[in-house]
Amino acid sequence: MTGLWAGVTGFAIAILADFFFAGRLQILSRLGFWIAVGFFVYALYETALMSDRFNTPGFLTVLGWVLLPLSFGLLIYSLFIELSFLSTYVGDGRQQVLITTGTYALTRHPGLLWFGLLLLALLLASRSRELLLAAPVWFGLDLLWVVVQDRIIFTRVFDQYKVYQTVTPMLFPNYRSLKRCITTLGKENK
């Protein structure tokens, strides 16, 4: 169960880091973010690789292995490529801009979609009993995190966030957001 609690701790630190971000305490925000990442990596390792296994039909395990690189790639793309890695996670945060194109035109929080898909893929591929318990807890905490970001943090940080909230769905893509995502994928905000 240490993996489950490491993930819970990681989410708590990540939420705290976002409050530091909103308060313009960039050093604490960046430090908290990277500590949270460390907890997440340890939690995923511990739950997926060090846990007892449950039985599942072979095709589900294969499906998990197919979805794993896809979901991981989408998560990395949305969080570390579309968002400037240096200004978002390393720099002082002064060049922070609201991204409304690509996967951020699909939903305001595409990372939640990809994280959920990643958890499902990892669960199917690893067949981990601990991850079977941890995945819904972590997904719920990630959902809580994006609600806090959407309602409290980002409205304070980004001037145009309230407008963005009116044109882009929070979690569930719709036809218009899917079309906007496809037409703006790979293009920078104008």
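Every read-out reported here was derived from the displayed coordinates using simple, explicitly stated rules and does not represent laboratory data. The shown structure was predicted, so the numbers you read here are calculated from the model rather than taken from an experiment. Positions of Cβ are generated from backbone atoms using ideal geometry, with glycine treated the same way; all protein chains shown enter the neighbour counts.
Taking a Cβ cut-off of under 13 Å around Leu4, the surrounding Lys, Arg, Asp and Glu residues balance to a net charge of -1, with basic ones at +1 and acidic ones at -1.
Coupling constants for the range 165-170 follow from the phi torsions by the Karplus curve (6.51 cos²θ - 1.76 cosθ + 1.60, θ = phi - 60°), and in residue order they are 4, 7, 10, 10, x, 5 Hz; glycine and proline get x. Adding -39500 (n - 2.57) for every DSSP H run of four residues or longer, then dividing by how many residues the chain holds, sets the calculated 222 nm ellipticity at -21500 deg cm²/dmol. Helix 175-184 and the longest principal axis of the C-alpha atoms of the chain enclose an angle of approximately 80°. The listed peptides 35-47, 118-130, 17-29, ordered by packing as a protection proxy, come out as 118-130, 35-47, 17-29 (highest mean of other Cβ atoms within 10 Å first). Working ranking of peptides 74-85, 151-162, 97-108 by packing, defined as the average number of other Cβ atoms within 10 Å per residue, highest first, is 97-108, 74-85, 151-162. In the chain, the longest principal axis of the Cα atoms and the axis of helix 26-49 are about 20 degrees apart. Axis of helix 129-148 versus longest Cα principal axis of the chain: the two differ by about 10°, to the nearest ten degrees.
Counted by neighbouring Cβ atoms within 10 Å, the residues Thr183, Thr166 run from fewest to most as Thr166, Thr183. Projecting label points 7 angstrom from Cα along Cα→Cβ for Arg176 and Ile27 puts them 4.5 nm apart. With Cα atoms defining each centre, the range 1-63 and the range 160-190 are spaced 27 Å apart in the structure.
Working note: Karplus 6.51/-1.76/1.60 with θ = phi - 60° gives the range 108-120 the couplings 6, 9, x, x, 5, 4, 5, 5, x, 5, 4, 4, 4 Hz, where Gly and Pro are set to x. The shape of the chain comes out oblate: with a ≥ b ≥ c from the C-alpha gyration tensor, a/c is at least 1.5 while a/b does not beat b/c. The calculated FRET efficiency for the pair Val147 and Thr2, based on their C-beta separation and a Förster distance of 22 Å, comes to about 0.25.
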